[in-house]
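Input: a single structure, listed below in C-alpha cells.
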Amino acid sequence: MVPSLWLARHGETEWTRSRRHTGATDLALTAEGERAAREELGPKLAGVHFDVVLSSPLRRAHDTARLAGFDPRLDDRLREFDYGDYEGQTTAEIQRARPGWDLWTDGCPGGETVEDVGARMDALIAERLGDTDPPAQRVLVFGHGHALRILAARWLGLPAREGRIVLLRTAGLGITGSEHGRPAIETWGV
C-alpha cells in the first residue's frame, strides 16, 4: 500500500515575500504567514487523521505546523535547500553575477545540489515514509518550497531535478495519492 503524502509549505516570511533564497537562515513567520497557517492551512487539515506528522526543525515550518494545529516530529532532513553563497539573494541578483544560473541544474557554490537534497529525501522516504508498522495510510509533512518539491519528485519516482515542475506557494498544500499501487499527484497547490 502506498500512503497518501500531504506536503504543507510554511507560511510567509520576510524573505519569501522578497523572494530571497532562505535555506538555513531561521526566520520567523510574518503576521500574514501566521494568519495563513492558522486560517487557511489549518482548516484544510482539520479533521483529517494522519498516521505520521513530520516537520523541518526550522521555525518557519515548525511554527506553521503548530499554528495549523499539529505537534509534529522534527526531522533535520526536511530542512530547506542549502543555498551556500547564495543564501539571502534573489535569483535576479544571482543571475546578474552569473548569467543563466538555474538552481535546478547548477546548484549553489558552498551549498547543495539538487541531487544532494534528493539523497536526503530518499533517506527520509526509506526510513520514515516507506514500510511502517502499522502501515501508514496518510502522512503530513511541513517544510520548505524547494525541499518539498524535491521530496514530491522523489516520492513520485522522478529525478530530484523534476521538482522544478511543481510549484508550492507559501502555506500551500500538495497531496499525492496512488493509482494501481503507484504514487500520483492527487491535488496540488490548494
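Values in this text are rule-based calculations from the coordinates and carry no lab data. Remember, it's a predicted structure, so these values are computed and weren't measured experimentally. Neighbour counts run over all protein chains shown; Cβ positions are idealised from the backbone, glycine included.
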Quiz item: If you find the alpha carbon centre of region 1-17 and of region 121-173, how far apart are they in angstrom?
Solution: 9 Å
Exercise. Would you mind ranking HIS10, HIS146 so that the residue whose beta carbon has the fewest other beta carbons within 10 Å leads the list?
Key: HIS146, HIS10
Quiz item: Once both axes come from the Cα atoms, what is the angle between helix 114-124 and the longest principal axis of the chain, in degrees from 0 to 90, rounded to 10?
Solution: 20 degrees
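Gain in length, ALA31 to ALA123, computed as 0.36 nm per residue apart minus the alpha-carbon separation, to one decimal in nm?
Full-extension gain reported as 29.7 nm.
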Exercise. Report the label-to-label distance for GLU179 and ARG17 in nanometres (one decimal), using points 7 Å from each Cα along the Cα→Cβ vector.
Key: 4.0 nm
Practice problem: Express in nm, to one decimal, how much length is gained between THR105 and LEU167 on full extension, taking 0.36 nm for each residue of separation and deducting their alpha carbon distance. | Solution: 20.6 nm
Quiz item: region 4-188: D in µm²/s via Stokes-Einstein (Kirkwood Rh, Cα pairs, 10 °C, 1.306 mPa s)?
Solution: 96 µm²/s
Quiz prompt | Contour minus Cα-Cα distance for LEU156 and THR91 (0.36 nm per residue) | solution = 20.7 nm
Quiz item: Which is the longest part of the chain that has none of the trypsin sites (Lys or Arg not before Pro) sitting in a DSSP loop with at most 16 other Cβ atoms within 10 Å?
Solution: 20-168
